[in-house]
Amino acid sequence: MSAHDEVLAALGHHGVLPVAVVDGAQDAAALGQGLADGGLPVVEVTLRTPGAAEAIRRLAATDLLVGAGTVVSAAQVHQVVDLGAAFVVSPGLSLPVVEACAALGVPLVPGVATASEVMAALAADLRVLKFFPAEQAGGLPMLRALAGPFPGVRFIPTGGIDATNAPAYLQHHAVHAVGGTWILPGTGGGPQRSAAVTRAAGDAVALVAAARSPRPR
């Protein structure tokens, strides 16, 4: 298995992708420690705040699998890969972003919400896709509808996902993992934040295990 495929396989193994909107770079230590201690060593840091780039750099220096989210341009792809991001997540499907990720050999999980977008992703040889915004785009019924004609595609639904609806998504065979911010409660850094993230991450790990366990016949 290539390093590219190993990253995508790891996302599927964990089943939950914590999405971090980092208020300041100092948050990185508390987030990273909390996720590691909670048994969920993976995170997507969105490029929505001034501290995001430094947070990616700091987290990438740890044992966490760190990705960059809200990547919308080829220039941002190069930036986050230079910072150490192991994968890229985009809210939509952009050819320049696809080409930049392919050139650098970094896995891309692009956002899709329609059959046409899934077909465009398949044409670019992308088969792990972010269903976004999941709840607003039709939720699990829409995901089921998209999964039907595209049996080789795996989805990471994100947007409106939390502990109440994540299990239903995870029980669908086409769901690779679910993404969400609920796993990273609170703001700021320090031991209290780290402890809160540890508890939430542990709960998320248990949630995935329960959702994926064989159901009684």
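List of remarks:
- Peptides 162-171, 193-202 ordered by packing proxy, namely the average of other Cβ atoms within 10 Å per residue, highest first: 193-202, 162-171.
- Cα centroid of the stretch 157-217 to Cα centroid of the stretch 36-79, whole Å: 18 Å
- Subtracting the Cα-Cα distance of Asp23 and His4 from 0.36 nm times their residue separation leaves 3.9 nm of extension gain.
- Calculated Rg/Rh (Cα atoms, Kirkwood Rh) (choose from (1) 0.95; (2) 1.05; (3) 1.12), label: (1)
- Value at 222 nm in deg cm²/dmol, rounded to 500, when DSSP H runs of n ≥ 4 in the chain each add -39,500 (n - 2.57): -13500 deg cm²/dmol
- Around the amide H of Val175, modelled in the peptide plane, lie the amide H atoms of Phe155, all under 5 Å away and 5 or more residues distant in sequence or on another chain.
- Cβ crowding within 10 Å, taken as a proxy for footprinting-reagent exposure, orders His172, His14 from fewest neighbours to most as His172, His14.
- FRET efficiency estimate (nearest 0.05) - Cβ-Cβ, Glu99 to Ala145, R0 25 angstrom: 0.30
- Principal axis dimensions, largest first and in whole angstrom, of the stretch 61-157 by Cα: 39, 26, 21
No lab work stands behind these numbers, since they all come straight from the coordinates. Values in this document were obtained by computation on a predicted structure and should not be read as measured data. Every residue, glycine as well, gets a Cβ built from its backbone with ideal geometry; the counts of neighbours run over all protein chains shown.
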